[in-house]
Amino acid sequence: MQYQISGKQIDIGDALRTHVENELGAVVQKYAERPTDAQVVFSKSAHEYVCEATVHLSTGLTAQAKAHEPEIYAAFEKCADKMEKQLRRYKRRLKDHHRERAQPVEVSGAASYILAGSEHAEEAEPETLQPIIIAEIETKIPSLTVGEAVMQMELAGAPVLVFRKDGEESAINIVYRRDDGNIGWIDPK
């Protein structure tokens with residue numbers, strides 16, 4: 001497994017890198033088969049250290065965890081515990097999907113835009129109804145079954161996931177977390 005361990009405006013020493021590789025490697029190997037790469041980013045937010053970890057699996061699924069603690073090693077340990085809990089919780093589902101899926105998840109490219117919001121309610125009406133685009137980001141839309149999409153959304157901790165139904169070329173589907181805690185699925189006909 002390849003590791004990318006970095007810090008945002010903080011220096012990450014060799015001891016922390018080694019600790020992250022050993023601990024995260026043990027957690028991921030215990031619960032997930034064939035991880036491909038892991039990205040761990042440390043940053044500082046006021047008096048706390050923030051650790052964000054993302055692990056990509058060969059099946060195309062991604063697991064993410066984030067933790068805040070006053071000490072950098074404690075932030076990583078809490079993040080690793082969250083990652084372990086996620087992977088343990090979905091181990092059976094990951095194995096089942098891995099057996100059904102002979103090929104990795106196919107992805108297609110798409111553009112994602114960040115639009116400017118109105119910061120002040122008392123502002124005058126805009127001259128045009130065209131939104132102001134702040135940023136354009138390339139994103140990928142995976143081809144998944146509905147069950148895999150729900151699992152991927154929960155593993156990533158995302159409120160919504162856009163995907164193509166496996167085996168269908170043009171159908172874009174959406175799964176999302178509803179306010180009542182259930183999962184919603186939009187399947188256009």
Is it fair to say residue 76 is over 14 Å from the mean Cα position of the chain (by Cα) and part of a strand (DSSP E or B)?
no
Go through the residues of the stretch 21-31 one by one and say whether even a single one is of a type in the set (Asp, Glu) and modelled with pLDDT of 90 or more.
yes
Filter pass, residue 57 being buried (at least 20 other Cβ atoms within 10 Å of the Cβ), at pLDDT below 80 and either within 22 Å of residue 17 (Cα to Cα) or touching a Cys at 6+ places or on another chain (Cβ under 7 Å) (or both)
yes
Taking into account only those residues within the stretch 146-180 that are assigned to a loop (DSSP other than H, G, I, E, B) and modelled with pLDDT under 85, which is nearest to residue 58 (Cα to Cα)?
166
Please work out which residue is nearest to residue 67 (Cα to Cα), limiting yourself to the stretch 141-189 and to residues that are crowded, with 16+ Cβ neighbours inside 10 Å and acidic (Asp, Glu).
154
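Looking only at the stretch 6-25, which residues are among the small types (Gly, Ala, Ser) and either surrounded by fewer than 12 Cβ atoms within 10 Å (Cβ to Cβ) or within 17 Å of residue 43 (Cβ to Cβ) (or both)?
Result: 6, 7, 13, 15.
The values are calculated or read from the model by the stated rules, or taken from the named source; none is laboratory data. The structure presented is a predicted model; accordingly, all values stated were derived computationally and were not measured. Positions of Cβ are backbone-derived with ideal geometry, glycine not excepted, and every protein chain shown enters the neighbour counts.
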